[in-house]
Amino acid sequence: MSDTRRRVKVYTLNEERQWEDRGTGHVCCSEAASLTVTGEADGSVLLESRISPDTAYQKQQDTLIVWSEAENCDLALSFQEKAGCDEIWEKICQVQGKDPSVEITQDPVDESEEERFEDTPESGHLLELPPCEPERLEELAELVTSVLPSPVRREKLALALLSSGYIRKLLQLFRASEEADDRRGLQQLYQIVRGLLFLNKATLFEVMFSDDCIMDVVGCLEYEPALLQPKSHREFLTKTARFREVIPITDSELRQKIHQTYRVQYIQDIILPTQSVFEDNFLSTLSSFIFFNKVEIVSMLQEDEKFLTEVFAQLTDEATEDSKRRELVNFFKEFCAFSQTLQPQNRDAFFKTLANLGILPALEIVMGMEDVQVKAAATDIFSYLVEFSPSMVREFVMQEPQQADDVKLKRIVSTDSTLSLLTQKSEFLSFFYKYCMHVLTAPLLANTAEEDPDLTEGAAKVNPVCPDNFQTAQLLALILELLTFCVEHHSYHIKSYIMTRDLLRRVLTLMNSRHSFLALCALRFMRRIIGLKDEYYNRYIVKGNLFEPVINALLDNGTRYNLLNSAIIELFEFIRVEDIKSLIAHIVDNFTTALESIEYVQTFKGLKGRYEQEKERQSRGFSSAYSTPALKRYLYGQTCRPRTGSSAGNRMCVFRRRSDVQISDMYTI
């Protein structure tokens, strides 16, 4: 059995300043003074890091060791047991010649800034703090502000605060100042507590965010000097924000961790200014504190064998009230979101547990509710399941196709992780286009209804698009995004659907929309179709004269140089470069006069040049090519087939008139 003391998770900090799980393994410290983590799944090396004498290692929350190896390479080891963390920490301190009692081995120091400070006799001692008294708060505030630029002095101040229990004394003083309505003292305490957070020390956070301190910390942050009246953060956290237990949580440690995480997240997101205002990584330890709390919460819930079973029992029980079921769904949504902090192996185990407990049938019940918010939450949960196992979801959806929920299917199609898989599942695609595609396109067809030519003059006509409804425009844009994907990946099914329903013509009516993003979505749909260079599509476009709304949009756009203009020009430039003859002939034959005024690009002149070159080439070789059997059959519409029961040489032929042949027909030869 492996030593659980050395069992760790390896994390790296990405460019978005979020911790990414790199896997679980066992760490050891070799004689060559290097940390090596071997993956427990396959024995691969997850991490190999030499302990450098100049690297600053930091110990956080008793089970974390964090350090930076390069300019943009932050690493963390999260230990399963405190004893293992202490053991590796001692080895690191031994290599660097440091006292294991410190929480950080050293900080990067700018010599020009710190050299004189380090040489002073007092540099090896803790900073001397002023007495925690109302008349000395201004002095303390200045001290806290002055140490922020210096990593070494920040560390010394943090040690001084911890060694004397100073933080709790400050919070006692805050309560006394608030009772006395000492506004100046309260504003100074705001500056002090805010500065303590910016020290970016996990050891301070453990004290400040403990149960007996965190609400007083929030209280200090209510008295910002720039405000005429203090904020009401404590009132919100204690009265407005209510902790709802969908199933009673008996583990007091878990309850405490959930409360703490919510409140610390509130401090980071609501109370403190955005991190972009400050230096990079200024509050990175606070983000790490929240991240590892979430990991711990999910792990503790997973280990509770009865909890999830009870949740599912109530979720699927017909006697459960709708309000209760709504809370259960929202809990699962939050739970699944938290699970994204787990390492892949544990995350897979988590979703397998949900699948075995019957999450999909439960979601099917929930999606039948009329509550829009519940449906949205259930769809979010469903998306997590799709990312985990698209095959499992497809099998479930196809079990009862007549009762399948179309919202779920839309979510399946729109999830990136399943797109390439869907293209290979012809059975599923047949099911989707039979039962669900009409639901997906219904809003599009309803909002692109063509005008009825039989309406008498003065009668009301159907508006081909909802120009003033932004919500409808957004919905149509999402539908077009899905249809554009289908064109690229579903080939036969979507081609048949487009042509039988004349879908492209309906889509191109959206080129008239006042919402530019919707017009661009319609254009992108057509661009994807033309990009396939499929002659079936090309003939459909030519026959329906479907370039007309695109060219009208270009002309209506006038001389404005915008994204719509560029996108339309790019469409025609693609046709020119790829030399799609049937489309070139159609464009030149029908729209030369309309486009000849556009001279700021050479695209349309180039199209006409291509057309004339091909026409000239055809005319030069026409007399000789005219006699070839293949061309003669094409131009005159000759089709020959053996008579029934006759020899191969005895054929029946049908001809069409020469006048029926168009230049566009010649371009397809």
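Report the gain in length on full extension from N545 to T593: 0.36 nm times residue separation, minus Cα-Cα distance, nm rounded to one decimal. Walk me through the numbers before you get to the answer.
Values: separation 48, 0.36 × 48 = 17.28 nm, distance 1.58 nm.
Gain on extension, N545 to T593, equals 15.7 nm.
Taking 7 Å along the Cα-to-C-beta vector as the label spot, tell me the E253-Q265 distance in nanometres, rounded to one decimal.
So the label points at E253 and Q265 sit 2.2 nm apart.
Can you check how the C-alpha radius of gyration of the range 477-588 compares to 2.2 N^0.38 Å, as a plain ratio?
With N residues counted in the range 477-588, Rg over 2.2 N^0.38 Å equals 1.00.
With labels modelled as points extended 7 Å from the Cα through the Cβ direction, what inter-label distance (nm, one decimal) is found for Q618 paired with A449?
4.2 nm
For T4 and S496, what does the FRET efficiency come to when R0 = 56 Å and r is the distance between their Cβ atoms, rounded to the nearest 0.05? Please list the in-between numbers first.
Values: r = 59 Å, r/R0 = 1.05.
So, using R0 = 56 Å, E works out to roughly 0.45.
Under a plain spin-label model, where a point goes 7 Å from the Cα along Cα-to-Cβ, how far apart in nm are A160 and D579?
8.1 nm
Could you please rank R505, R394, R50, placing first whichever residue has the fewest other Cβ atoms within 10 Å of its Cβ?
Values: R505 18, R394 21, R50 13.
The most exposed by this proxy come first: R50, R505, R394.
Fewest first, what order do F350, F236 take by the number of other Cβ atoms within 10 Å?
Working: F350 22, F236 13.
If I rank by nearby Cβ atoms, fewest first, I get F236, F350.
Mind pulling up the Rg/Rh value for the range 127-302? Radius of gyration and Kirkwood radius, both on Cα.
On the way: Rg = 16.6 Å, Rh = 17.1 Å.
Radius of gyration relative to Kirkwood radius: 0.97.
Tell me, in nm to one decimal, what length is gained between M300 and A226 on full extension, where the rule is 0.36 nm per residue of separation less the Cα-Cα distance?
Length gained between M300 and A226: 22.5 nm.
Compute the FRET efficiency between E179 and A355 as 1/(1 + (r/R0)^6), taking r as their Cβ-Cβ distance and R0 = 56 Å, and round to the nearest 0.05. Mind dumping the intermediate values first?
Values: r = 55 Å, r/R0 = 0.99.
Efficiency at R0 = 56 Å is approximately 0.50.
Provide W89, W67 in ascending order of the number of other Cβ atoms located within 10 Å of each residue's Cβ, fewest first.
Details: W89 23, W67 20.
Fewest to most other Cβ atoms nearby, the residues stand as W67, W89.
Every number in this text was worked out from the coordinates using simple rules, so none of it is lab data. Predicted model, so just to flag it, every value in this text is computed and none were measured. Neighbour counts run over all protein chains shown; Cβ positions are idealised from the backbone, glycine included.
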